[in-house]
Amino acid sequence: MDSQASFSIRIHASINAVDAATWDRLAQVPSGTGAAAFNPFVSHAFLSALEDSGSAVAETGWLAQHLILENDSGKALAALPCYLKNHSQGEYVFDHGWADAFYRAGGEYYPKLQCSVPFTPATGPRFLTGQAHNRQALSYALINGLQQLTQRLGASSAHITFMPKAEWQLSRDAGLLARTDRQFHWFNRGYENFETFLQSLSSRKRKNIRKERKTALSVPGLEIEHLTGSKLSEAAWDAFFGFYMDTGSRKWGTPYLTRTFFSHASERMADKMLLVMAKRDGRYVAGALNFIGGDCLYGRHWGCVEDHPFLHFELCYYQAIEFAIAHGLARVEAGAQGEHKLARGYEPVTTHSAHHIANAGLRRAVDEYLRSERHHVKMEQEILRDHLPFRQSGDS
């Protein structure tokens with residue numbers, strides 16, 4: 001289609017109202033766009049596991065409002081995962097201050113629209129346009145539809161988070177407010193094995209990682225298992241959910257994901273999941289959950305019932321690096337925050353989000369804040385890059 005007037009928007013209150021094959025066709029990332037290959041989090045399997053398990057539903061404050069862009073014949077041309085929310089939990093792009101300021105000024109910040117993957121701070125496509133050639137026009141039409149939906153629902157705002165930079169730039173051109181933040185990712189520069197990666201680091205960092213790994217792996221009776229595909233069992237999920245509940249209860253108070261989510265996800269996309277589990281004397285004592293993308297390993301959750309020095313780093317970072325090297329993956333994304341990752345070979349990268357604010361006064365205030373925040377993030381990134389752990393000229 002050549003004009004926005006030829007498009008219509010249909011809203012679905014459940015991902016299951018959209019045919020899985022249709023959604024996954026739109027979620028395919030076209031080659032040559034600079035975006036990541038297959039992203040597991042925007043797949044129908046992942047999103048339906050969240051909804052069907054009761055993790056991301058109206059009762060938990062995530063009412064699906066998925067946008068489907070159709071042509072005059074009713075064919076789906078593009079999609080945007082979206083939720084109507086009455087809180088700001090489980091997003092990892094923090095706007096609590098905006099909500100508080102608007103409330104003090106007499107406004108109501110909630111409900112708002114959140115265009116993201118619930119509980120998942122991983123960059124991935126948001127404007128799902130499949131293999132279409134007119135991706136820009138389709139993306140603008142989705143933004144326009146999102147703005148109309150915001151008005152129709154009486155929402156204060158709409159937020160598109162953890163989006164690729166190209167989508168972010170397009171959103172800025174469409175008039176949305178631009179926000180940046182940072183994460184730490186590991187990049188595979190053609191390493192043959194973990195030792196080759198270590199050789200790229202400064203001697204001090206290299207020795208420190210070797211010491212940490214030796215300490216973690218020398219726990220008496222400890223074994224490390226990689227479970228994926230048919231090796232994922234309900235017994236393993238039972239153990240991991242115990243780890244997840246322990247960590248989640250301490251970090252958030254109430255963990256976001258239900259036990260059923262892990263079973264649903266395992267049934268629907270087991271080949272895209274990797275559990276790195278530590279077993280001591282025949283009993284699982286710690287584990288890390290990863291999802292496998294087309295060119296990336298995404299670290300998501302970690303937990304333990306026994307505390308052993310450096311076991312967290314081993315399961316979450318070093319085992320992930322080894323898996324990525326062995327399977328030819330380009331990078332590892334190890335989740336949100338964590339400057340401690342820098343010393344372990346993970347590099348600072350910029351993350352992007354775009355925001356539509358309906359109220360003119362709130363928009364002006366947020367715009368001014370974001371200008372300052374973007375400058376701060378840029379300066380901080382430059383400082384962090386000066387402290388990368390890689391070898392310098394003359395280092396042994």
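Overview of results
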{"quantity": "Test: residue in segment 142-153 that is under 30 Å from Ala21 (Cα atoms), within 20 Å of the chain's Cα centre (by Cα) and without any contact (Cβ under 8 Å) to a residue 12 or more places away in the chain", "calculated": "no"}
{"quantity": "Matching option when the condition is within 19 Å of Lys112 (Cα to Cα) and touching a helix residue (DSSP H, G or I) at 6+ places or on another chain (Cβ under 9 Å), among Ala20, Ala64", "calculated": "Ala64"}
{"quantity": "Filter result (without any contact (Cβ under 8 Å) to a residue 12 or more places away in the chain and either of a type in the set (A, V, I, L, M) or surrounded by 16 or more Cβ atoms within 10 Å (Cβ to Cβ) (or both)) within segment 49-70", "calculated": "Val57, Ala58"}
{"quantity": "Scope segment 36-45; condition within 12 Å of Ile292 (Cβ to Cβ) and either touching a Lys or Arg at 6+ places or on another chain (Cβ under 7 Å) or not in a loop (DSSP other than H, G, I, E, B) (or both); matching residues", "calculated": "Pro40, Phe41"}
{"quantity": "Candidate set: segment 155-193, residues that are assigned to a strand (DSSP E or B), touching a Pro at 6+ places or on another chain (Cβ under 9 Å) and open to solvent by less than 20 Å² (accessible area, probe 1.4 Å); chosen: the one farthest from Ala334 (Cα to Cα)", "calculated": "Thr161"}
{"quantity": "Enumeration of residues in segment 197-230 that are open to solvent by 40 Å² or more (accessible area, probe 1.4 Å), under 20 Å from Ile325 (Cβ atoms), assigned to a helix (DSSP H, G or I) and not charged (D, E, K, R)", "calculated": "Gln199, Asn208, Leu217"}
{"quantity": "Scan of segment 299-319 for residues that are part of a strand (DSSP E or B), within 18 Å of the chain's Cα centre (by Cα) and within 26 Å of Arg210 (Cβ to Cβ), ordered by number", "calculated": "Gly299, Trp302"}
{"quantity": "Selection status of Ser156, among the polar types (S, T, N, Q) and out of contact with any strand residue (DSSP E or B) (no Cβ under 7 Å at 6 or more places or on another chain)", "calculated": "no"}
{"quantity": "Test for Asn39: is it open to solvent by 30 Å² or more (accessible area, probe 1.4 Å), modelled with pLDDT of 95 or more and of a type outside the set (Lys, Arg)", "calculated": "no"}
{"quantity": "Residue that is surrounded by the most Cβ atoms within 10 Å (Cβ to Cβ), among those in segment 327-342 that are touching a Gly at 6+ places or on another chain (Cβ under 8 Å) and small (Gly, Ala, Ser)", "calculated": "Ala334"}
{"quantity": "Residue identified as within 18 Å of Thr120 (Cβ to Cβ) and buried (at least 21 other Cβ atoms within 10 Å of the Cβ) among Tyr298, Tyr346", "calculated": "Tyr298"}
{"quantity": "Residue that is surrounded by the fewest Cβ atoms within 10 Å (Cβ to Cβ), among those in segment 304-326 that are at pLDDT 95 or above and β-branched (Val, Ile, Thr)", "calculated": "Ile325"}
{"quantity": "Matching residues, segment 364-385, being under 26 Å from the mean Cα position of the chain (by Cα) and charged (D, E, K, R)", "calculated": "Asp367, Arg371, Glu373, Arg374, Lys378, Glu380, Glu382, Arg385"}
{"quantity": "Candidates Ser14, Ser88, Ser73, Ser8, filtered to the one that is touching a residue at least 60 places away in the same chain (Cβ under 8 Å) and either open to solvent by 10 Å² or more (accessible area, probe 1.4 Å) or within 22 Å of the chain's Cα centre (by Cα) (or both)", "calculated": "Ser8"}
{"quantity": "Qualifying residues in segment 362-384 (those that are acidic (Asp, Glu), surrounded by 12 or more Cβ atoms within 10 Å (Cβ to Cβ) and more than 21 Å from Glu108 (Cβ to Cβ)) - the one modelled with the highest pLDDT", "calculated": "Glu373"}
{"quantity": "Qualifying residue in segment 93-114 (condition: farther than 22 Å from Asn16 by Cβ, in contact with a strand residue (DSSP E or B) (Cβ under 6 Å, 6 or more places away or on another chain) and of a type in the set (Val, Ile, Thr))", "calculated": "yes"}
{"quantity": "Evaluation of Ala132 against (1) at pLDDT 95 or above; (2) open to solvent by less than 40 Å² (accessible area, probe 1.4 Å) (one fails), failing number", "calculated": "(1)"}
{"quantity": "Filter result (open to solvent by 20 Å² or more (accessible area, probe 1.4 Å), aliphatic (A, V, I, L, M) and out of contact with any His (no Cβ under 8 Å at 6 or more places or on another chain)) within segment 349-359", "calculated": "Ala358"}
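This table checks each residue for (1) under 21 Å from the mean Cα position of the chain (by Cα); (2) modelled with pLDDT of 95 or more; (3) of a type in the set (Asp, Glu).
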residue	(1), (2), (3)
Thr215	no, yes, no
Ser233	no, yes, no
Asp238	no, yes, yes
Ala270	yes, yes, no
Gly282	no, no, no
Phe291	yes, yes, no
Cys296	yes, yes, no
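The values are calculated or read from the model by the stated rules, or taken from the named source; none is laboratory data. Worth saying up front: this structure is predicted, and the values here are computed from it rather than measured. Note that we place each Cβ from the backbone using ideal geometry, even for glycine, and neighbour counts take in every protein chain shown. Remember, those area values only see protein heavy atoms, side chains included, never the ligands or the DNA or RNA. Shrake-Rupley method; radii C 1.70, N 1.55, O 1.52, S 1.80 Å.
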